[in-house]
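**Q** Dropping the structure in here first, questions after.
The values are calculated or read from the model by the stated rules, or taken from the named source; none is laboratory data. None of these values were measured; they are calculated from a predicted model. Cβ placement follows ideal geometry from the backbone for every residue including glycine, while neighbour counts extend to all protein chains displayed.
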Amino acid sequence: MTIEINERYFDPHLIADSGQCFRWYELKDGSVAFSFESFAAIIHSMGSGKIKVNVCDCLNKRKTDDKEIKDKIITYFDLHTDYEIIIESIDSSDKVLSAAASMGSGIRILNQDTWETILSFMISQNNNIPRIKKSIDKICKRFGERIDVDKIKEEYGLDCDWPDELSHTFPGPFDIDPEKLDDLGLGYREEYIRELVYKAREEDFFLHTLDSLDGIYTDSLQYKKVHEGLLSIKGIGNKVASCIELFGLHCLDAFPVDTWVKKIEGKYYDGNFPKDRYRGYAGVMQQYLFYYERQQ
DNA sequence: ACCCAGGCCATCT
DNA sequence: AGATGGCCTGGG
């Protein structure tokens, strides 16, 4: 099915390059392909903020009606959040943040699958984006389900160059064999992932506690409980936990500090970005700053 | 050849 | 509490 979206604050290319997702791929014709849950999609920019999204349920297991798919896409793209208000709230005397937000105004915080986010960001530690993507691609190919590429081509038109990296879905904890994680380029993270899969299979922590932190502040009790739970997992430290909260649990107040953000905080903010001023959505500012610093 | 890349953990002071 | 070094591995 096709969904048309008119949203000024949405640039699929920026999101694909934002580092929050690792299964978005830019195609030669300028469109952007991605896969999430059992869906496959291609985004075409139509100019002047108009976007066309072709989506299909590529596993064909059950009939998903069009309205359900549309709702899923709207939530996934975070279209319920008003990014214009967020950007307008920026302290105009903060020239760095203003410039960063102006450059990165097309970035949104996706509502990604929690499990996929946990696994992906555990791989991301001390790692670079191409290699992260490669490892995730190998995991999907080894344990994920093959998606029906013909169905996609039928939906989009025959000549689409659907990327080979999106030939399979992202596998769940029970799809992954923890003893067959060799040769995935995981390095020393292999042991972390193995334990993570076992833990995810056994504990209900992932299934119940980690629903969503949408609208939850980082100084609340509920947040602290989730944060500590994540930290108790081997291979998840403060930074990775914050990424999981921001990108997987949609806690927009979470503010992951990586080397890029640390760099920009040191250069312009005397070591500390005033995230309290942006209480409730500091994570969006983190994305602007991160993108800005990486462009320099 | 290095050295780092969107860190974490263990081991020290 | 805070500061270090080691760690898999591919690319500049």
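**Q** Does A:Thr114 qualify as being among the polar types (S, T, N, Q) and at pLDDT below 95?
**A** yes
**Q** Could you tell me which residue of region A:212-234 is nearest to DNA strand C (Cβ to nearest atom), considering only residues that are touching a residue at least 24 places away in the same chain (Cβ under 8 Å) and surrounded by fewer than 19 Cβ atoms within 10 Å (Cβ to Cβ)?
**A** A:Lys234
**Q** Condition (residue is modelled with pLDDT of 90 or more, closer than 19 Å to A:Glu116 by Cα and hydrophobic (A, V, I, L, M, F, W, C)) applied to region A:204-211: is it met by at least one residue?
**A** No: region A:204-211 contains no residue that is modelled with pLDDT of 90 or more, closer than 19 Å to A:Glu116 by Cα and hydrophobic (A, V, I, L, M, F, W, C).
**Q** Another question, then. Quick check on my filter: what residues within region A:108-162 are touching a residue at least 40 places away in the same chain (Cβ under 8 Å), within 11 Å of DNA strand B (Cβ to nearest atom) and in a helix (DSSP H, G or I)?
**A** If the condition is that a residue be touching a residue at least 40 places away in the same chain (Cβ under 8 Å), within 11 Å of DNA strand B (Cβ to nearest atom) and in a helix (DSSP H, G or I), then A:Thr117, A:Ser120, A:Phe121, A:Met122, A:Ile123, A:Ile129, A:Arg131, A:Ile132, A:Lys133 are the ones that fit.
**Q** Of all residues in region A:173-199 being more than 16 Å from A:Thr117 (Cα to Cα) and of a type in the set (Ser, Thr, Tyr), which is nearest to DNA strand B (Cβ to nearest atom)?
**A** Per the criteria, the residue is A:Tyr188.
**Q** Here's something else I'd like to know. For region A:224-240, give me each residue that is near DNA strand B (Cβ under 9 Å from one of its atoms), of a type outside the set (A, V, I, L, M) and assigned to a helix (DSSP H, G or I).
**A** A:Asn238, A:Lys239
**Q** For the condition in contact (Cβ under 8 Å) with a residue 60 or more places away in the chain, more than 16 Å from DNA strand B (Cβ to nearest atom) and closer than 22 Å to A:Ser120 by Cα, what is the one hit in A:Ser35, A:Ser18?
**A** On the way: A:Ser18 fails: more than 16 Å from DNA strand B (Cβ to nearest atom).
From the options A:Ser35, A:Ser18, the qualifying one is A:Ser35.
**Q** Checking A:Cys243 against (1) touching a Leu at 6+ places or on another chain (Cβ under 9 Å); (2) in a helix (DSSP H, G or I); (3) within 7 Å of DNA strand B (Cβ to nearest atom): exactly one of these is not met. Which one?
**A** (1)
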